[in-house]
Amino acid sequence: MKEAHNITLLGAGLIGTFYTMTVQGQRSRDRIRTICALTDGEAEAFARKWGIPKWTANMKMAVEDPETDIVIVGVPNYLHKKAITLAAKAGKPVLCTKPLARNAREALEILEVVDKAGVFAGYLEDLVYTPKTLKSVAAVKRGAVGKVLWVRSRETHSGPHSAWFWDKKLAGGGAIVDLACHCIEIIRSFIGKEVRPVEVMCLADTVVHPIAAEDSGIALIRFKNQAVGQFEVSWAFRGGMDLRDEVAGAEGTIWLNHFLRTGYEMFTAAGGKGYVAEKAEGEAGWLFPVGDEVHELGYTNMFSDMFDALDEGREPVETLLDGYIVNAIMDACYRSARTRRWEPVMLERWYPEAKKEKAKAPKKTAKGRYSLIKEERMPDGTLKQLLQDWKTGHVIQRIKGG
Ligand SMILES: NC(=O)c1ccc[n+]([C@@H]2O[C@H](COP(=O)([O-])OP(=O)(O)OC[C@H]3O[C@@H](n4cnc5c(N)ncnc54)[C@H](O)[C@@H]3O)[C@@H](O)[C@H]2O)c1
């Protein structure tokens with residue numbers, strides 16, 4: 001029998017809303033008992049809407065509420081360390097939204113506080129828990145696409161909904177720290193979290209919005225086993241929220257579209273009937289709603305994993321160490337954007353029992369003189385073989401059948 005949890009939720013904004021819809025959704029027994037927001041008024045309005053018995057603007061009091069057994073952090077990035085530290089000091093399990101911190105140094109300080117307190121902790125990276133991603137990652141782990149060579153992950157929309165996101169100091173950066181944290185964890189989930197990210201090349205720019213932070217970023221992440229991750233993030237994309245991933249393996253391919261094309265397309269001339277989907281830009285014309293948004297964005301599976309892990313005494317799929325590694329990769333991206341060079345990913349912490357990943361390059365020497373590169377059936381019905389001739393160094397072709 002799984003335990004029902006009584007939750008302190010910090011933050012009553014967009015993510016607080018999605019988290020509440022999820023943890024109190026369907027027939028769940030888990031309940032938010034205390035909600036904390038910047039003002040009492042905001043907290044009270046949220047509490048009344050969602051049937052939450054207690055509200056406050058005092059984060060410490062919310063965390064220390066004796067009637068709650070777990071803390072969920074959904075406040076702006078600059079408050080994650082404070083919130084997690086309060087939870088750790090209160091000896092309570094803590095789950096933190098993305099990004100873990102504004103930079104790797106802050107993330108490391110968070111890890112140290114949590115390790116010292118010895119409390120259970122999880123990193124709330126929802127997009128690795130979408131039903132499509134979980135199924136694809138399982139297929140990749142079974143070898144369905146062979147060795148993963150390249151993963152491309154894209155998250156773009158027209159920009160965030162609250163002022164603090166746009167303030168570099170409070171958020172830790174712009175579109176990269178906000179969106180690439182998702183992409184990086186998706187990329188790592190497909191490539192294998194045990195594979196070390198080695199270096200990055202990143203372009204970050206402010207192309208549309210009048211802000212000091214970047215509103216666009218593209219990066220390549222090179223991993224130790226030769227796999228490459230590529231992210232594309234932007235706050236300057238028009239037309240909704242574009243969430244797409246591509247996995248290219250030596251023996252297969254996966255294309256995922258999580259949001260704008262989920263198989264639900266609707267035209268309305270009447271329009272104006274309310275919320276369509278996160279970051280949708282209109283309420284009329286062609287719309288792309290999402291069937292069960294919290295499920296399709298991964299929140300449902302994410303909280304199931306987190307609470308199950310807590311009840312079962314195991315680690316969740318996404319840990320704070322994962323969050324730190326994501327921050328370290330983003331730090332390298334910001335350095336590369338400044339220096340315009342490949343920059344190393346500097347990691348002070350890594351998995352304790354990481355499997356040693358051998359860099360498997362394609363075999364350069366074959367048993368015989370020839371290695372088959374590929375074969376292809378041609379329009380005239382012949383089978384064409386391309387072969388590496390190791391003696392001459394040339395690539396030759398043979399035609400079979402007809
Ligand atoms: N997919 C995701 O996982 C996802 C999506 C959106 C946001 N987030 C993350 O969630 C966090 C919050 O983002 P959001 O979109 O909900 O922001 P938001 O601006 O919509 O809401 C922020 C909330 O924090 C509260 N808050 C601010 N200062 C506070 C304080 N000192 N004490 C108590 N409460 C305080 C505000 O009152 C508000 O309720 C950020 O770290 C963001 O990156 C994650």
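Structure notes:
- For the range 187-203, filtering for residues that are charged (D, E, K, R), more than 15 Å from L149 (Cβ to Cβ) and touching a helix residue (DSSP H, G or I) at 6+ places or on another chain (Cβ under 8 Å) leaves 2.
- Flag for V113 being at pLDDT 95 or above and in contact with a strand residue (DSSP E or B) (Cβ under 7 Å, 6 or more places away or on another chain): no
- Enumeration of residues in the range 233-260 that are within 15 Å of E281 (Cα to Cα) and more than 17 Å from the chain's Cα centre (by Cα): A236, F237, R238, G239, G240, L260
- Scanning the range 203-231 for residues that are crowded, with 21+ Cβ neighbours inside 10 Å and under 16 Å from the mean Cα position of the chain (by Cα) gives G217, A219, I221, G229, F231.
- Within the span defined as the range 155-162, one or more residues are more than 13 Å from the ligand (Cβ to nearest atom), farther than 15 Å from V326 by Cβ, touching a residue at least 12 places away in the same chain (Cβ under 8 Å) and part of a loop (DSSP other than H, G, I, E, B).
- Test: residue in the range 256-275 that is within 30 Å of L203 (Cβ to Cβ) and in a strand (DSSP E or B): yes
- Residues that are in contact with a Gly (Cβ under 6 Å, 6 or more places away or on another chain), in a loop (DSSP other than H, G, I, E, B) and either surrounded by 18 or more Cβ atoms within 10 Å (Cβ to Cβ) or not assigned by TED's automatic domain parsing to the domain that holds E155 (or both), drawn from the range 280-317: A280, P316
- Checked against (1) of a type in the set (A, V, I, L, M, F, W, C); (2) in contact with a strand residue (DSSP E or B) (Cβ under 6 Å, 6 or more places away or on another chain); (3) without any contact (Cβ under 8 Å) to a residue 40 or more places away in the chain, A270 passes all but a single condition, namely (2).
- From the list G217, G229, G240, the lone residue that is assigned to a loop (DSSP other than H, G, I, E, B) and not assigned by TED's automatic domain parsing to the domain that holds K98 is G240.
- Filtered residues of the range 84-107 (kept if away from the ligand (no atom under 14 Å from the Cβ), assigned to a helix (DSSP H, G or I) and among the small types (G, A, S)): A88, A104
- Top-ranked residue of the range 140-154 - restricted to ones that are of a type in the set (K, R) and touching a residue at least 12 places away in the same chain (Cβ under 8 Å), ranked as farthest from K82 (Cα to Cα): K147
The values are calculated or read from the model by the stated rules, or taken from the named source; none is laboratory data. It should be emphasised that the depicted structure is a prediction, and the values quoted were computed from it without experimental measurement. Don't worry about glycine lacking a Cβ; one is built from the backbone with ideal geometry, like all the others, and counts go over all protein chains shown.
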